[in-house]
Amino acid sequence: MTVATANLALDAERLLAQLQELGTIGQDSAQGGRTRIALTDEEKAGRDLLAGWMRELDLEVRVDQVGNIFGVLHAASAEGDAKPLMMGSHIDTVRNAGALDGCYGVLAGLAVARAYRQARTLPARAIVVGAFTNEEGVRYQPDMMGSLVYAGGMAVQTALDTVGIDGTRLGDELARIGYAGTMVPGTIMPHEYIELHIEQGPVLEAEHKPIGVVENLQGISWQKVTIHGVANHAGTTPTRLRHDAGYAAAACIAHLRDRVVAAAPDTTLATTGSLRLEPDVINVIPRKATFTVDLRDPDELRLQAAEQRLADFLAAVADREGVTIHTEPLVRFQPVVFDAGIAGRIEAAARRRGLSSMRMTSGAGHDAQMMARIAPSAMIFVPSRGGISHNPREHTDDEQLILGAQVLLDVVQDCLGAH
Ligand code: HGY
Ligand code: MN
Ligand code: MN
C-alpha cells in the first residue's frame, strides 16, 4: 500500500447514515430524543455498534481499564505508529438528548479513517479514533471522566470505585456491560489530539460562520449543596419560627443569578440543574434540600470569585434561616488554552475550502480539555441551530456536518504531511 499524501475523499453519506443509526439507540419517547447514560444497557448497545464499525474498517479495537474505546488505523511504518494522531469525543448522552453531541466527533473520526481505507492508502502516522467513557458526568461525577483518567488526572481505581447518583459502582457497571478493558489508560500517547464537535451554543449561527476554531475552554466548578432544616406543619408554623430548607435553597438559587452571575454577567454562568426536597409533600415545610451548582467562566480568578460569592451567601443564609448547609465539590477544572499551531491549521484548512471561520471559546466541557494535558490539542466547531443542545431539538444541517468533517480530514492530512 502507498502512503497517502493529500486530497482524500470523505464518504459523507456513510457518516450521515451512521449518525442517524447511532441516534436510534436509546431512543426515548420524549420529543424524539435518546438517552444513553454512561454504562447503561443503552450505552452498551452504542458501544457495541461503534466497535463493530471500527472492525468493519479493519481498525485495531482497544479498550482501556475505564472503558475508553480506541480504533487504531496503523501507519505504514513502526516509526509512524509511534506518533499517532488521535481524534475522538464521546457517545454517552445526557437524559433525553440530541443525536450529535459527542457522536459527531467520534463518527467523523471514523470517516477520516474510512477515507484512507477507501483510497487504499496508509497514513504516514497512525490514526486513532477514541470514544471516551462518561463524558457527560450525569450518573458518575466528574464529567469527562474517561479522558481525565486517560490524561492522568484521576487514578483508575478511583474512577472504578466511584459511586453514581443511583448508588451503583462504576467498576461494577463497566464489568457488567463488558467494557472493563485491560489496556492501561495513556498507553497510546497521542502526538496531537483533534476533536470535532457541535458548538452547542448560538455564536456560529449568529455570526453566519460554518467553522469555529476553538482556542480555549472555560473553567468548570460543580458542587452539591445539602441544606438541613426542620420539617413542620405548613399551616401552623409562623414564618419567624421556620427553618425551611426549601426556602433557603430557593434563596441560594435566586442569588446565583442575582448576585453571583451579576458580578461578571458577560462571562460567569451559573446553573442549578438538579433540586430535590424532602419529604417533598405539599403541606410540610421541607426538612432537607439538595441541589447542584454548575459555575463556569473562561477566567480562573473570576471563577474563584464566583465560588467565593456563593460560599459567603450560603453562610449568611444558614445563619439567617437557622439551617445547616453542607457543600460537596464534584468537579473543578481550570480553563484550558488549546494548541495555537493546530488552531492555525484548522483556520487555514477552512480558508482553503473558502469557508469563513472564527476563533472562539468553548462554553461546554469536552474531552479535549483533558487530552490537552498530555498532547497538543484543539477543537473544531460547527453551528448548532438556535444554539440548542442537551435537548432532542439539537440540530446541525447535513451540509454543515459534512463541511466540518471535511475540514477535520483536511487538518489530519495537513498534520500527517507536516511531520
Ligand atoms: O458539562 C459539560 O459541559 C459537558 O457536556 N459534559
Ligand atoms: Mn459533548
Ligand atoms: Mn454534552
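The values are calculated or read from the model by the stated rules, or taken from the named source; none is laboratory data. Keep in mind it's a predicted model, so treat the numbers as computed, not measured. Glycine also receives a Cβ, built like all others from the backbone with ideal geometry; neighbour counts cover every protein chain displayed. What goes into the accessible areas is simple: the full protein's heavy atoms, side chains included, and nothing from ligands, DNA or RNA. Shrake-Rupley method; radii C 1.70, N 1.55, O 1.52, S 1.80 Å.
Data for the structure
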| quantity | calculated |
| --- | --- |
| Residues (crowded, with 17+ Cβ neighbours inside 10 Å and modelled with pLDDT of 95 or more) located in the stretch 319-332 | Glu321, Val323, Ile325 |
| Those residues of the stretch 231-257 which are β-branched (Val, Ile, Thr) and either open to solvent by less than 20 Å² (accessible area, probe 1.4 Å) or over 39 Å from the mean Cα position of the chain (by Cα) (or both), in sequence order | Thr236, Thr237, Thr239 |
| Among residues of the stretch 143-186, those that are away from ligand 3 (no atom under 16 Å from the Cβ), among the hydrophobic types (A, V, I, L, M, F, W, C) and outside any loop (DSSP other than H, G, I, E, B), counted | 9 |
| Criterion violated by Phe132 - all others in (1) open to solvent by 20 Å² or more (accessible area, probe 1.4 Å); (2) touching a Gly at 6+ places or on another chain (Cβ under 8 Å); (3) within 16 Å of ligand 2 (Cβ to nearest atom) satisfied | (1) |
| Identity of the residue in the stretch 266-309, touching a residue at least 60 places away in the same chain (Cβ under 8 Å) and aliphatic (A, V, I, L, M), that ends up nearest to Ile220 (Cα to Cα) | Leu295 |
| Filter pass, Leu310 being in contact with a Cys (Cβ under 8 Å, 6 or more places away or on another chain), over 30 Å from Leu401 (Cα atoms) and surrounded by 13 or more Cβ atoms within 10 Å (Cβ to Cβ) | yes |
| Near pairs, Cβ below 6 angstrom, 6+ apart or cross-chain, from the stretch 186-205 (within 21 Å of His74 (Cα to Cα)) to any residue that is open to solvent by 40 Å² or more (accessible area, probe 1.4 Å) and of a type outside the set (D, E, K, R) | Glu192/Pro376 |
| Conditions (1) open to solvent by 10 Å² or more (accessible area, probe 1.4 Å); (2) at positive phi; (3) within 16 Å of ligand 1 (Cβ to nearest atom): number failed by Arg120 | (3) |
| Check on Val94, away from ligand 2 (no atom under 16 Å from the Cβ) and not basic (Lys, Arg) | no |
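Yes/no per residue for (1) open to solvent by 20 Å² or more (accessible area, probe 1.4 Å); (2) assigned to a helix (DSSP H, G or I); (3) within 13 Å of ligand 2 (Cβ to nearest atom):
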position: Thr361; (1), (2), (3): yes, no, no
position: Ala364; (1), (2), (3): yes, no, yes
position: Ala368; (1), (2), (3): no, yes, yes
position: Ala378; (1), (2), (3): no, no, no
position: Ser389; (1), (2), (3): yes, no, yes
position: Leu401; (1), (2), (3): no, yes, no
